[in-house]
């Protein structure tokens, strides 16, 4: 079996095992960590493997960095999840369902990233949706059900439209590629796109953009995201924001590179710029009105995905590289921030911003980690997001000068809102601790949260400061694939 | 087989596709939930006919499988499950609309006009006439499914709207000759729809919500 399929089926087999292990042994959470660690090893092996196509899958410079980061975030999420599980008050059935859904989601996430066949990619994103709906609604409270239902219906419509776009894409390519599997292969479609019917390609792109854009949380298709992040179990936020959005955006980019290869089709750039700008501006202003910590950072995810979309819309090697670094940096930082906020919410017994305060004084390791994480989200050096935002603004100024004004407005508004949240959450007088029963009672206590947080921050800084030349070359290669 | 106006391949698939679209209209003016479910079942059966006919015209035996699955799930299993759900849980039998029936029918005609205006000029170059008409009908069914979701307030009607939307997708997929993975994709889409129906069942029974009216659920939000 080719290595990419091993990466996909390893977590899926793990999911079967997790579903079968009787919960009374209480080992599910550790098996979950073990499977996630195994996936990370396979993902790192894949990084050193020669690139290329293996039937329905392909590994190239564009998807490999995302595979590696996904596997890493999967592992740290499993670790964080082990320590917070008892405070979620699941019964034994829900624990099993939750762990199984988590590994099904991870496998589907890997498949969505490595698939070359657009039909397979669609199925993978659908499986990831089903698994994440289960994870969001697993609490079964009215709020969780509302969030899960909204997520399901909106994303159901979204992926249905994406399938329509996929069918249209094949219809456009059919006279050139004929029947059979190559008709949905990304590489084959990109090669022949110049000879395809430009009208159909444009129509296909619109459906794919709206469809996968719903999953990527682009405004105005974003409204499921804050609810899903606020009502699901804590660790889910990290994988929703850190992984799912990337996979959906990568699907849009694959579509964009096909349609962009035909000069007579609608240029995809302005669409991406429009969605990106709208997401950035709406999210930047919405950040000011949030009272719930997890909703605040969900809105910040919308902002950052918008920024990355904007970068890809501007296009060119520099802006594409900025977009890729931005997505990778955002995955690392945002999942770290969600670990810290989740830990704080369990310690304080509330996820309202006003109930969490003074973390630096009361829990220094956690508080400083959260403070640095929020600063990174606000675009402060020395983290990857600083570099990518800087390059994005510079490239926008060079290519489309008027864009600098709205981008600058969005960035500054969002940064100011985040700094205000930083002051509220981390500085000032500590609020009263009111720990949820069962929170962080494993040996090691808070370290289960603080170690992943600091690891993510260190990597987000290392991504631009200490990255080995081979990795930088990989990122550049990915930017070139997008053209 | 050539496909143009006047040949059986063209006319029959045109007829079946037109029937599917007509049923989408019929669904929009039903006032009782049982009637909506019946119309959906007939549409599912007609969709199965469309898939089987395309299997015959394109000499693609795998489409018979798609037809069989579509019939079993959409004409029989899902309507039965929905009927059982409505009966057992004593849901409101009337369809709660958020826009009036006259207005939604007018909007539906507008949407069909829109899909004609979008698809026909765009496909003027390459695609075969059969694919063009099929695509226009399929896009109309998709848009009408979205309209049905917007025009209805209770969860079951919204699910049925999404289910008809998916019928439009399958109609498009089987109409494109030589589409790879067509059975796999249509089955995967069906799994999504079955999961949606199952979600309604599970949420209803476990938590005894009096309504799945999403306006009521909106109050459960924790923010602002």
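No lab work stands behind these numbers, since they all come straight from the coordinates. Model, not experiment: these values are computed from the prediction. Because the Cβ atoms are built from the backbone with ideal geometry, glycine has one as well, and the counts that use them run over all protein chains shown.
If you check residue A:73 against the conditions, is it closer than 19 Å to residue A:448 by Cβ and touching a helix residue (DSSP H, G or I) at 6+ places or on another chain (Cβ under 6 Å)? Explain how you work it out, then say what you get.
Working: closer than 19 Å to residue A:448 by Cβ: yes; touching a helix residue (DSSP H, G or I) at 6+ places or on another chain (Cβ under 6 Å): yes.
So residue A:73 fits the description; yes.
Select from the stretch A:151-168 the residues that are more than 14 Å from residue A:210 (Cβ to Cβ) and surrounded by 22 or more Cβ atoms within 10 Å (Cβ to Cβ) and write down the one among them that is farthest from the other protein chains (Cβ to nearest Cβ). Before the answer, list the steps.
Of the stretch A:151-168, the ones more than 14 Å from residue A:210 (Cβ to Cβ) are A:151-153, A:167.
Pick out the ones that are also surrounded by 22 or more Cβ atoms within 10 Å (Cβ to Cβ) and you get A:151-152, A:167.
On the way: A:151: 10, A:152: 6, A:167: 5 Å.
Per the criteria, the residue is A:151.
Please go through the stretch A:101-124 and give me each residue that is more than 10 Å from chain B (Cβ to nearest Cβ) and within 21 Å of residue A:181 (Cα to Cα), ordered by number.
In the first step, residues of the stretch A:101-124 are kept if they are more than 10 Å from chain B (Cβ to nearest Cβ); the result is A:101-116, A:121.
Once the filter is applied, which keeps residues that are more than 10 Å from chain B (Cβ to nearest Cβ) and within 21 Å of residue A:181 (Cα to Cα), the stretch A:101-124 yields A:108, A:110, A:111, A:112, A:113, A:114, A:115, A:116, A:121.
In this structure, is residue A:140 crowded, with 24+ Cβ neighbours inside 10 Å, in contact with a helix residue (DSSP H, G or I) (Cβ under 8 Å, 6 or more places away or on another chain) and more than 22 Å from residue A:476 (Cβ to Cβ)?
On the way: crowded, with 24+ Cβ neighbours inside 10 Å: no; in contact with a helix residue (DSSP H, G or I) (Cβ under 8 Å, 6 or more places away or on another chain): yes; more than 22 Å from residue A:476 (Cβ to Cβ): yes.
No: the conditions fail for residue A:140.
May I ask you to say which residue of A:298, A:283 is within 14 Å of chain B (Cβ to nearest Cβ) and either closer than 18 Å to residue A:245 by Cβ or buried (at least 24 other Cβ atoms within 10 Å of the Cβ) (or both)? Can you show your working first?
On the way: A:283 fails: within 14 Å of chain B (Cβ to nearest Cβ).
The unique qualifying residue is A:298.
Specify which of the listed residues (A:69, A:104, A:136, A:123) is part of a helix (DSSP H, G or I) and within 30 Å of residue A:469 (Cα to Cα).
Details: A:104 fails: within 30 Å of residue A:469 (Cα to Cα); A:136 fails: within 30 Å of residue A:469 (Cα to Cα); A:123 fails: within 30 Å of residue A:469 (Cα to Cα).
That would be A:69, the only listed residue that is part of a helix (DSSP H, G or I) and within 30 Å of residue A:469 (Cα to Cα).
Name the pairs: first residue in the stretch B:159-185 and within 7 Å of chain A (Cβ to nearest Cβ), second residue in a loop (DSSP other than H, G, I, E, B) and crowded, with 24+ Cβ neighbours inside 10 Å, Cβ to Cβ under 6 Å, at least 6 apart or on different chains?
Here the result reads B:173/B:179, each pair linking the stretch B:159-185 to a residue that is in a loop (DSSP other than H, G, I, E, B) and crowded, with 24+ Cβ neighbours inside 10 Å.
Pick from the stretch A:190-201 the residues that are touching a helix residue (DSSP H, G or I) at 6+ places or on another chain (Cβ under 7 Å) and within 11 Å of another protein chain (Cβ to nearest Cβ): which of them is nearest to residue A:313 (Cα to Cα)?
Initially, the stretch A:190-201 is screened for residues touching a helix residue (DSSP H, G or I) at 6+ places or on another chain (Cβ under 7 Å), giving A:190, A:192-193, A:195-197, A:199-201.
In the following step, the residues that additionally are within 11 Å of another protein chain (Cβ to nearest Cβ) were identified as A:195-197, A:199-201.
On the way: A:195: 23, A:196: 22, A:197: 22, A:199: 20, A:200: 21, A:201: 17 Å.
Step by step, filter the stretch A:190-201, then rank; the result is A:201.
Select the helices (runs of 4 or more DSSP H) contained entirely in the stretch B:54-157, then report the ones holding at least 3 residues which are free of Cβ contacts under 8 Å to residues at least 60 places away in the same chain and out of contact with any helix residue (DSSP H, G or I) (no Cβ under 7 Å at 6 or more places or on another chain). Break it down stepwise before answering.
Numbers: elements: B:62-70, B:78-89, B:101-122, B:129-151.
Those helices (runs of 4 or more DSSP H) span B:78-89, B:101-122.
Looking at A:187, A:128 in this structure, which one is touching a residue at least 60 places away in the same chain (Cβ under 8 Å), more than 9 Å from chain B (Cβ to nearest Cβ) and crowded, with 24+ Cβ neighbours inside 10 Å? Spell out the reasoning first.
Numbers: A:187 fails: crowded, with 24+ Cβ neighbours inside 10 Å.
Testing whether each residue is touching a residue at least 60 places away in the same chain (Cβ under 8 Å), more than 9 Å from chain B (Cβ to nearest Cβ) and crowded, with 24+ Cβ neighbours inside 10 Å leaves just A:128.
Let me confirm something: among A:148, A:143, A:173, which residue is assigned to a helix (DSSP H, G or I) and under 21 Å from the mean Cα position of the chain (by Cα)? Steps first, please.
Details: A:143 fails: under 21 Å from the mean Cα position of the chain (by Cα); A:173 fails: under 21 Å from the mean Cα position of the chain (by Cα).
Just a single option satisfies the conditions, and that option is A:148.
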